[in-house]
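As structure tokens, the structure follows; a few thoughts come after it.
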Amino acid sequence: MSIFNYREKPGYFRRLGEALKDTREDLSRKINQIIGTEESPITEDQIDELESSLIAADMGVQTTMEIIDQIRELTRSETVVTSHQVRRLIRSELLEILQAPEQAPEEDLVDGLNVILIVGVNGVGKTTTIGKLTRYYQDAGNRVILCAGDTFRAAAIEQLDIWARRTGSEVIKQKAGADPAAVLFDAIAAGRSRQANVLLVDTAGRLHNKDNLMKELEKMKRVAGREVPGAPHQVFLILDATTGQNGLIQAREFLRVIGTTGLIVTKLDGTARGGIVVAIAKELKVPIRFVGVGEKVEDLLPFDPESFVDGLLGTRAVAGRSVS
Ligand code: GDP
């Protein structure tokens, strides 16, 4: 299924809209209050208030300043700037930042075994997301197998087991403390012999120190590449929307050392500052591929920028209103 068809997928808009409800209510209501829905001129005070609202939604200073500069420019070139123009300007600015991926995540899969590393610090929702991804790829017709690569925490292996049972998939594991690269080696062999085509690899989010963690992840990458041509095919970095701008600092470290092909932003349902997704895309310049919208196995939505922006601003289908 192409990414563009997600807009038509039953329930997609509703679920995204629900997850963004708090952010939308804060942000969109403020926009409505500030600039009004009438075709009325916008004042300098209103522009300042709009600036505060965008910052409060966690859009990031840079994005906010760019939007505000453009609004000011508009007020200079036209005597009357309407709320409609302002909304349209914000929408197109956000869409430019959140560039649309060309295809859906399942369309990125190649023939044979696809090794997908899942990285991120503890607590961001890594294990839960692996469970959801398992279901997602299964629903798209794939055979999925899991690798318990976080051997640092015994609980991580147990948690992954629970998700494997929930999704009817198999997890390849060793005892806590085992070499994760060795577990990965086994999992690749198992994946091949079971004729799986997706191997989702859990990784540690914390070790005794950061250097060790990065070295361990690099070693896993090397082992994957040696065993399967082109592997790892994807490295998904998981970020927690509720940690706001702090998450960006951790993300940069992962990006620098491990590289990342896509981002997954979790817990969008747990924040009134969903604008962080925009700040993440702007700062990291890595495509967002999924968003987590709850704790259940089906609460993972492939990322579609247009739906996201409409959900955030209350425009188009989510609010049943249209913006040209
Ligand atoms: P890990 O330490 O990164 O593996 O994190 P876990 O997968 O154990 O998740 C940590 C907590 O976040 C758990 O309570 C999950 O249920 C919760 N969680 C994960 N993803 C989401 C999400 O998208 N929305 C919400 N509301 N909770 C989530």
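The values are calculated or read from the model by the stated rules, or taken from the named source; none is laboratory data. Every value quoted in this text rests on a predicted model; they were computed, and no experiment measured them. Cβ atoms come from the backbone with ideal geometry, glycine included; neighbour counts cover every protein chain shown. Note: accessible area is taken over every heavy atom of the protein model, side chains too, but ligands, DNA and RNA are not part of it. Shrake-Rupley method; radii C 1.70, N 1.55, O 1.52, S 1.80 Å.
Worth a mention:
- Electrostatic bookkeeping for P287 treats Lys and Arg as +1 and Asp and Glu as -1; over the other residues with beta carbon under 11 Å from its beta carbon, the sum is 0.
- Solvent-accessible area, 1.4 Å probe, carbon plus sulfur percent, for the chain: 47 percent
- Over all other residues within a Cβ to Cβ distance under 14 Å of D108, the charged ones net out to -3, with Lys and Arg as +1 and Asp and Glu as -1.
- Distant alpha-carbon pairs in the chain (separation over 35 angstrom), percent: 25 percent
- For the range 113-143 and the range 288-305, distance of Cα centres in Å: 11 Å
- Largest to smallest accessible area among S92, S307, S169 [probe 1.4 Å]: S92, S169, S307
- The chain - accessible surface per residue (Å², probe 1.4 Å): 43 Å²
- Label sites at D211 and A140, each approximated as a point 7 angstrom past Cα along Cα to Cβ, lie 3.9 nm apart.
- Here S77 sits with roughly 90 square angstrom of accessible surface, probe radius 1.4 Å.
- Excluding exposed DSSP-loop trypsin sites (Lys or Arg not before Pro) (at most 11 other C-beta within 10 Å), longest clean stretch of the chain: 1-174
- Seen from Y137, the other residues with C-beta closer than 9 Å to its C-beta sum to a net charge of 0, counting Lys and Arg as +1 and Asp and Glu as -1.
- Charged-residue dipole, Cβ positions (Lys, Arg, Asp, Glu), the chain about Cα centre, Debye nearest 20: 1140 debye
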